[in-house]
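Inspection log for the structure reproduced underneath, given as structure tokens.
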Amino acid sequence: MTFEELMEFDRRMLEEKVVTVLCGVDEAGRGPLAGPVVAACLVFRPGAVLDGLNDSKKLTEKKREQLFEKITGEDLAWYGIGSASPEEIDRVNILQATFLAMRRAYEEMAAKMPQPPQLALVDGNRDPRLPLPTVTVVKGDGCSAAIAAASVLAKVTRDREMLRLHQQYPQYRFDQHKGYPTKLHYQMLEEHGISPIHRRSFLKKLTGEQ
């Protein structure tokens, strides 16, 4: 998918819903055993072009980093980033924590804009209850420019946070698995137990909690 092809989907949504401004929303980190879930919300500025954009899962780490720097450094878009902590994930469950992160991302972005968007495109099939009309788009990060850009922001932000947490808890090797449930991660859990940034609700067999 080229950037222009991704933008064509967004333009069709604007026409169908009879609105002039839309935002894309996506998250990163629903599956890991540790660390926050992170969401991003983005509105492209008129005339913005972001060559090389695609679903963040289809991009190399280097390309994601390059796109992140362009989005955040070249005045291409209004954006917001929100997260929910491991404690919040344990308290309300991962789905509700994801929605919380999305709402926080939207609120941060909307506060920067002269006029908030009239429509949200959200990756997936669940409505996070944002304060505006919302369309859920399954695999939206592969067809919508705004969602794809939000996916890059969320993924890079979370990866950087896990690298920071690696400095605090080097024994878990977060720099290698970013908290995802890999064989190495389970080995480190067996050796060192559960850290303060692990999601206890994801590790009930290890904690003995019901």
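Working only within segment 137-155, note down all residues that are buried (at least 24 other Cβ atoms within 10 Å of the Cβ) and among the aliphatic types (A, V, I, L, M).
Of everything in segment 137-155, those that are buried (at least 24 other Cβ atoms within 10 Å of the Cβ) and among the aliphatic types (A, V, I, L, M) turn out to be Ala145, Ala146, Ile147, Ala148, Ala149, Ala150, Val152, Leu153, Ala154.
Can you name the number of the only condition in (1) closer than 18 Å to Glu61 by Cα; (2) open to solvent by less than 10 Å² (accessible area, probe 1.4 Å) that Asp159 fails?
(2)
In this structure, is Tyr180 at pLDDT 95 or above and over 22 Å from the mean Cα position of the chain (by Cα)?
Answer is no for this residue.
Would you mind listing the helices (runs of 4 or more DSSP H) fully within segment 59-134 where at least 1 residues are within 27 Å of Val49 (Cβ to Cβ)?
Result: 61-73, 94-112.
Go through segment 11-28 and give me each residue that's over 13 Å from Asp123 (Cβ atoms) and of a type outside the set (Lys, Arg).
Matches in segment 11-28: Met13, Leu14, Glu15, Glu16, Val18, Val19, Thr20, Val21, Leu22.
Condition first: in contact (Cβ under 8 Å) with a residue 60 or more places away in the chain and open to solvent by 40 Å² or more (accessible area, probe 1.4 Å). Now tell me which residues in segment 162-195 satisfy that.
Once the filter is applied, which keeps residues that are in contact (Cβ under 8 Å) with a residue 60 or more places away in the chain and open to solvent by 40 Å² or more (accessible area, probe 1.4 Å), segment 162-195 yields Tyr180, Pro181.
Is it the case that segment 71-82 has a residue that's over 17 Å from Lys112 (Cβ atoms), more than 14 Å from the chain's Cα centre (by Cα), open to solvent by less than 30 Å² (accessible area, probe 1.4 Å) and not small (Gly, Ala, Ser)?
No: segment 71-82 contains no residue that is over 17 Å from Lys112 (Cβ atoms), more than 14 Å from the chain's Cα centre (by Cα), open to solvent by less than 30 Å² (accessible area, probe 1.4 Å) and not small (Gly, Ala, Ser).
Scanning for something over 15 Å from Val152 (Cβ atoms) and in contact with a His (Cβ under 8 Å, 6 or more places away or on another chain), does segment 86-103 turn up at least one residue?
Yes, segment 86-103 contains at least one residue that is over 15 Å from Val152 (Cβ atoms) and in contact with a His (Cβ under 8 Å, 6 or more places away or on another chain).
Answer yes or no as to whether Leu53 is in a loop (DSSP other than H, G, I, E, B), over 20 Å from Asp159 (Cβ atoms) and of a type in the set (A, V, I, L, M).
Judged against the criteria, Leu53 is not a match.
Please go through segment 92-136 and pick out each residue that is more than 23 Å from Leu76 (Cα to Cα) and either open to solvent by 80 Å² or more (accessible area, probe 1.4 Å) or among the polar types (S, T, N, Q) (or both).
Asn93, Gln96, Thr98, Asn125, Arg126, Arg129, Pro131, Pro133, Thr136 - these are the residues of segment 92-136 that are more than 23 Å from Leu76 (Cα to Cα) and either open to solvent by 80 Å² or more (accessible area, probe 1.4 Å) or among the polar types (S, T, N, Q) (or both).
The values are calculated or read from the model by the stated rules, or taken from the named source; none is laboratory data. Just so you know, these numbers come straight off a predicted model, no measurement behind them. In this analysis, Cβ positions are derived from the backbone assuming ideal geometry, glycine residues included, and neighbour counts consider all displayed protein chains. Quick note on the areas: whole protein, heavy atoms, side chains included, nothing else; ligands and nucleic acids left out. Shrake-Rupley method; radii C 1.70, N 1.55, O 1.52, S 1.80 Å.
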